[in-house]
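Reading through the structure tokens given below for one structure.
The values are calculated or read from the model by the stated rules, or taken from the named source; none is laboratory data. Everything numeric in this text was worked out from a predicted model, so none of it was measured. In this analysis, Cβ positions are derived from the backbone assuming ideal geometry, glycine residues included, and neighbour counts consider all displayed protein chains. Just so you know, the surface numbers come from the protein's heavy atoms only, side chains and all, with ligands and any DNA or RNA stripped out. Shrake-Rupley method; radii C 1.70, N 1.55, O 1.52, S 1.80 Å.
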Amino acid sequence: MAGIEWPRMLLGLVLGRRLPRVRGRVRVEGLDGPLTIRRDRWGIPHVDAQSATDAWFGLGFCHAQDRAFQLELLLRVGSGTLADLIGRDGVPIDRMSRRLGFRRTALAQLEAIGPDVREVLEAYVSGINQGLRHGLSRPPHELSLLRRPPTPWTAIDVLCFVGLQAFSLSSNWDVELARLKILTEDGPEAVAALDPSYPDWLPVAAPPGAPAGATLDRLAADLAVFQGLVPFGGASNNWAIAGSRTASGKPLLANDPHLAPRLPAPWYLAHLRTPDWEVAGASFVGGPAFPIGTNGFAAWGITAALTDGVDLFLEEIGPDGASVREGEGEVPCDVIVERIAVKGGEPIEERVLVTRRGPVITAILDDSLPQALSMSAVWLRPLPLRGFLDVVHASSFEAFRGAFAEWPGPTLNVVYADREGRIGWQLVGQLPRRKRGNGTIPLQGADPDNAWEESFVPFEEMPFLSDPQNGWVATANAQPVPDGTGPFLGIDFVDGYRVARIGEVLSGRDGWDVAAAQRLQMDVTCLPWRELREAVLGLSAEAAADPRAAAALDLLEEWDGQMAAGSIGASVYQAFSASLTRRLAQAKAPRAWPWAIGEGFGQIVPRTLFSTRAMGRLVRLLRDRPSGWFADSSWEAQAVESLTETMSTLEAAYGTDPSAWRWGHLRPLTLEHPMAARPPLDRIFNLGPIPIGGDSNTPMQASSGPMAPFGNPGFLANTRCVMDLGNPAASRFSLAGGQSGNPLSRHYGDLFKLWQRGEGVPIAWAESEVAAATVATLTLEAESAKD
């Protein structure tokens, strides 16, 4: 890491350190009364406020002090003004934002939210704006390099942020595009053969250990509708453990959500205290909420549910360019002309069509798809919002669940535990009811039978689980419940290997404590290899004639099945799996095979969920070996050729000595900052590379995918938390990086080493603990009373 010090020192000499003000007194606008921010040695703020709105003000103030440039990017992406900051590179993002209409939806949603919710949003953005003005010595380095001042926030920007997060965590629309690509290039037989539907032998979230059931019938039903319409051309972990299975006799709750390896992390650790409630945990920068946290009585944590709240529709644009066909006639669209400012260039006018199903999005994609496509999404509706804004008050599992009756944000699995001993799980978010189809592929918008019903699935029908007999509940982006249980949720879930391994370990012992839960978060056991081992090692006779294939088998036979950073066998396994996965796809989809294994659609959608779901398909096919898959070859021959290719790939890239093929060194992790795309800024803003273990299917998530098995991991646990309801002081929290987004702050990467080891830091709870942990105190005083 020493090599990055000189570039950072030079940045400091030229632009100064620009650290936040963390001591003394500051007069600000927008407070009811005085507010105290005490920070510990890790930069974690403890906010003491006299009212709820002042507490959310304090969180916004701290976000602005430590994450000003992150806030600027979020605001601009949500409003479609990124190109005005960074130039033409931001135009595709702005087009996406303007076409999807995050800001249009937010403007309408502002009228639908309750006055108390709006008050919270206004307090939070007031804190951001005062933090930008009074909490920083000068604007952040990134904005100075770009020669722009920070942009003030409004409540509209928070609602844009909610929509943006819902969009980014949507599990299905990119997969619909991939299916459409395979259909148009290689036909419905290719989709039926290659679609990585949920493996029916892997478990679901509830009840723990239950089989998922088959889902291909749903896909076949949609294919039957689609086939006559298109001319064919050819993921997070969380779990709660009941007190009956813990060392303290009180529940434990663990959470490690997986997002892209970005700096700073989207999470920000904090503790808010008011006369009526308090909360501590991981807030999400851009909103007044703690998706992971505790209020002293209850604790909660999230994973992406990957349910299907988005559908795409094939649209026939009328000759006037402002209408679409519906039935036998043409229906006018709303036509919106968006003017996109471009730094250093001429403004661009973007013409947006909005159908009755939703906005036409095709122009934001590359020219990979010939059809015009519109999008329907729950989060494009102006719906009331509560959810995480209310959970800070939860005093029972029922009250906790009730908070999410109004939650139009991303669909999530939220696990729960409280100090009275209850544990549970609730799937939150809203889902559509479809007149026809199941949302697996785009259907024709001209047919009114393909539309959504007016009302969504009632919250009372959403799955939940309370106090299971086995004493634990876990989710990991797997299928939530078996097919046929409750409302239709979708089919595009990730392989269930992570939740299977978590359940295996949770069931295998009692006496759980924080340290044991942290070890499970770092588990790198490869369950797919257990299923593949016998079949692969059984190829020894066929591989004997090929020295390279035989050498690969020898390395795999010695492997212990752990995706450890120092493992050689893990590298061989990854290269072999990627090679055979590609061959399987090429055999059935010779034109569109990249999309079948995760290729995306340009800058907006660089890869799809197929990339994280390839192993279930590979295991199923290699186990069953269906006849006729390869036109002029056998399963055994293809597998042996993949073993040979594995050795050639590793030798060409990393040398002929296998001792140099350690997994974590071949596939290291770099935490990437948005400003670090070009040198020398990468040496200032990035952290790493560092060796890291794990892959898509281990509890310690570090996903690369078959398109680039040795690329920088696409997803990882940006934060890890384990909360002990019996002893809050024992709870531990970590970030991949640190609290600050300022590369010259000691809090930019001071949690990174702890994160690498699977360790964490406490967030002091009791007043005596907060006082003892405090190293800096800032008092905010009201400049004038609020009207």
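Before moving on, here are some points about what is shown:
- Model label points for A766 and K435, set 7 angstrom from Cα along the Cα-to-Cβ axis, are 6.2 nm apart.
- Distance in nm between pseudo-label sites at S633 and R27 (7 Å out along the Cβ direction from Cα): 7.7
- Label-to-label distance for L15 and A730 is 4.4 nm, based on points extended 7 Å past Cα in the beta-carbon direction.
- Applying 1/(1 + (r/R0)^6) with R0 = 35 Å to the Cβ-Cβ distance of A322 and K343 gives a FRET efficiency near 0.70.
- Å² per residue, accessible surface of the stretch 609-661 at 1.4 Å: 41
- Here the stretch 635-787 was treated as a single set of alpha-carbon atoms; its pair distances binned every 5 Å from 0 give 2, 7, 11, 14, 15, 13, 11, 9, 7, 4, 3, 2, 1, 1, 1, 0 percent.
- Think of each Lys and Arg Cβ as +1 and each Asp and Glu Cβ as -1; about the Cα centre, that makes the dipole of the chain roughly 2220 debye.
- Shown for the chain: the carbon plus sulfur share of the solvent-accessible area, taken with all protein chains present and a 1.4 angstrom probe, equals 52%.
- Packing here is the average count of other Cβ atoms within 10 Å per residue, and on that basis the peptides 773-780, 76-83, highest first, run 76-83, 773-780.
- Sum of side-chain charges, G508 neighbourhood, beta-carbon under 11 Å (Lys, Arg +1; Asp, Glu -1): +1
- Full extension of the chain between E461 and A399 yields a length gain of 20.7 nm, computed as 0.36 nm times the residue separation minus the alpha carbon distance.
- Taking each DSSP H run with n ≥ 4 as -39500 (n - 2.57) and averaging over every residue of the chain yields -9500 deg cm²/dmol at 222 nm.
- Restriction of the GluC sites (Glu not before Pro) in the stretch 371-429 to DSSP coil positions whose beta-carbon has at most 15 other beta-carbons within 10 angstrom yields E420.
- Using a Förster distance of 51 Å, the FRET efficiency for T777-R356 (Cβ separation, nearest 0.05): 0.35
- Rounded FRET efficiency, nearest 0.05, which uses the C-beta distance separating E504 from R620 and R0 of 22 Å: 0.65
- Computed over protein heavy atoms with a 1.4 Å probe, the accessible surface of the stretch 1-83 works out to 37 Å² per residue.
- In the stretch 506-590, the trypsin sites (Lys or Arg not before Pro) that fall in loop regions by DSSP, at most 10 other Cβ within 10 Å: R509
- Taking a quarter of the surface of the Cα convex hull of the stretch 42-85 gives a mean projected area of 3.9 nm².
- Taking a Cβ cut-off of under 10 Å around W42, the surrounding Lys, Arg, Asp and Glu residues balance to a net charge of +1, with basic ones at +1 and acidic ones at -1.
- Cα-derived Rg over Rh, computed across the stretch 535-597 with Rh taken as Kirkwood radius: 1.05
- For the stretch 107-167, the set of trypsin sites (Lys or Arg not before Pro) satisfying both a DSSP loop assignment and a count of at most 10 other C-beta atoms within 10 Å is given as R147.
- Counting all C-alpha pairs of the chain, share separated by more than 49 Å (%): 15
- Ellipsoid semi-axes in whole angstrom, largest first, where each is sqrt(5λ) of the Cα gyration tensor of the stretch 1-149: 27, 26, 11
- The HN-Hα couplings worked out from phi for the stretch 776-783 by the Karplus form 6.51 cos²θ - 1.76 cosθ + 1.60 (θ = phi - 60°) are 8, 10, 10, 10, 9, 10, 5, 6 Hz, whole numbers, x standing for Gly and Pro.
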